[in-house]
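Written out below as structure tokens is the structure these notes cover.
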Amino acid sequence: MSENNDMITSGMIPTAPDGYKSGFVGIIGRPNVGKSTLMNYLVGQKIAITSPVAQTTRNRLRGILTTPEAQIIFVDTPGIHKPHHELGQVLVKNAQVAIHAVDVILFVVDCTAEVGGGDRYIAELLTNTKNPIILGLNKADQQGEGNQFLDNSYQELAKDHGWTIAKFSAVTGEGLEALQTSLIQNLEPGPYYYPPDLVTDQPERFIMGELIREQILLLTREEVPHSVAIAIERVQEEDSITRVWATVCVERPSQKGIVIGKGGSMLQTIGTAARQQMQKLIDGKIYLELFVKVQPKWRQSRTRLAELGYRVEE
């Protein structure tokens, strides 16, 4: 298991052929519209966590799709929302920074509901960018028949701003080939930014921590919503197994009790599920040991946020 950054600097990036396209595509939208699910599907591997709980994405995570025609670097951003704490302010700021740091913007919405205030707020944020914008109508598989009025509300929004529209399902893959074609058409000729076989620029330790956090969100649901952060303390590689020690940080003793569970049952369930996901990531055996630690109000502390990897990006 090697860090992805090692691959980038080891001379494995080939020269792109004439006419090759490349660039960065920012995936933005309200919380829980399926941005991470979409990126996972497009790059063909799970690199971003997904959960029924809103606000699961915390970092600007890059997913890399390399085709014979183009290399697309997807930037999956935190859902844009009204922040309620220091962590929320950092997340929203990072999403806003991403708007101006990419070549193409894919504004993802949930087409099972009409255009809402949150969508219009993001639309206003996009009025100052000169980059191409595609309005992506996700969850087409859940829309049902006779709901043309839903699409009409988004068509009006797109028309008002001069955007193109793509309708798709990030779960079934319906419409994603057309979306990919549209994205490539909006890119300029450019080089390979990453080795063609790389699917993310994030180190494996980061992905491991996210996989643990995902299982906590899935298994505890609303009981421990977003008061949890993961610190990978140590990774030890051996010939037949990779050993990982990680700390689960929560804000209150009651949350620690929920994560551990009666007789340690919940922590064991979380660890087993996370370990299975990690083994897919590194294609090998994993030993995972989890510890739970109370860090009061860590989401309110800029210092503690920085220690856990949450910084405002420039």
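Tell me, yes or no, whether the range 98-115 has at least one residue that is assigned to a loop (DSSP other than H, G, I, E, B), surrounded by fewer than 16 Cβ atoms within 10 Å (Cβ to Cβ), touching a Leu at 6+ places or on another chain (Cβ under 9 Å) and hydrophobic (A, V, I, L, M, F, W, C). Yes. Within the range 151-172, take every residue that is modelled with pLDDT of 90 or more and charged (D, E, K, R) and give me the one that is farthest from V102 (Cα to Cα). So the residue we want is E156.
Here is a check on your reading of the model: is Y154 part of a loop (DSSP other than H, G, I, E, B) and either touching a residue at least 24 places away in the same chain (Cβ under 8 Å) or among the charged types (D, E, K, R) (or both)?
Values: part of a loop (DSSP other than H, G, I, E, B): no; either touching a residue at least 24 places away in the same chain (Cβ under 8 Å) or among the charged types (D, E, K, R) (or both): yes.
In short, no.
Exactly one residue among A113, A101 is of a type in the set (G, A, S), more than 15 Å from L38 (Cβ to Cβ) and at pLDDT below 85, and that residue is A101.
The C-beta contact set for the range 259-278 (first residue within 10 Å of Q215 (Cβ to Cβ), second residue among the basic types (K, R) and in a helix (DSSP H, G or I), distance under 9 angstrom, 6+ apart or interchain) comprises A274/R213. Among the residues of the range 166-179, the ones that are crowded, with 17+ Cβ neighbours inside 10 Å and either of a type outside the set (G, A, S) or part of a strand (DSSP E or B) (or both) come to 5 in all. Exactly one residue out of Q148, Q180 is at pLDDT 95 or above and either under 22 Å from G19 (Cβ atoms) or polar (S, T, N, Q) (or both): that is Q180.
Within the range 229-256, restricting attention to residues that are farther than 22 Å from Q279 by Cβ and surrounded by 15 or more Cβ atoms within 10 Å (Cβ to Cβ), the residue that is modelled with the highest pLDDT is K256. Looking at this structure, is S182 over 30 Å from V248 (Cβ atoms), polar (S, T, N, Q) and surrounded by 19 or more Cβ atoms within 10 Å (Cβ to Cβ)? The answer is no for S182. Would a scan of the range 123-144 turn up a residue that is modelled with pLDDT under 90 and in contact with a Ser or Thr (Cβ under 7 Å, 6 or more places away or on another chain)? Among the residues of the range 123-144, at least one is modelled with pLDDT under 90 and in contact with a Ser or Thr (Cβ under 7 Å, 6 or more places away or on another chain), which makes the answer yes.
The values are calculated or read from the model by the stated rules, or taken from the named source; none is laboratory data. Nothing here was measured: the structure is a model prediction, and the numbers come from that model. Virtual Cβ from ideal backbone geometry, glycine too; neighbours counted across all protein chains shown.
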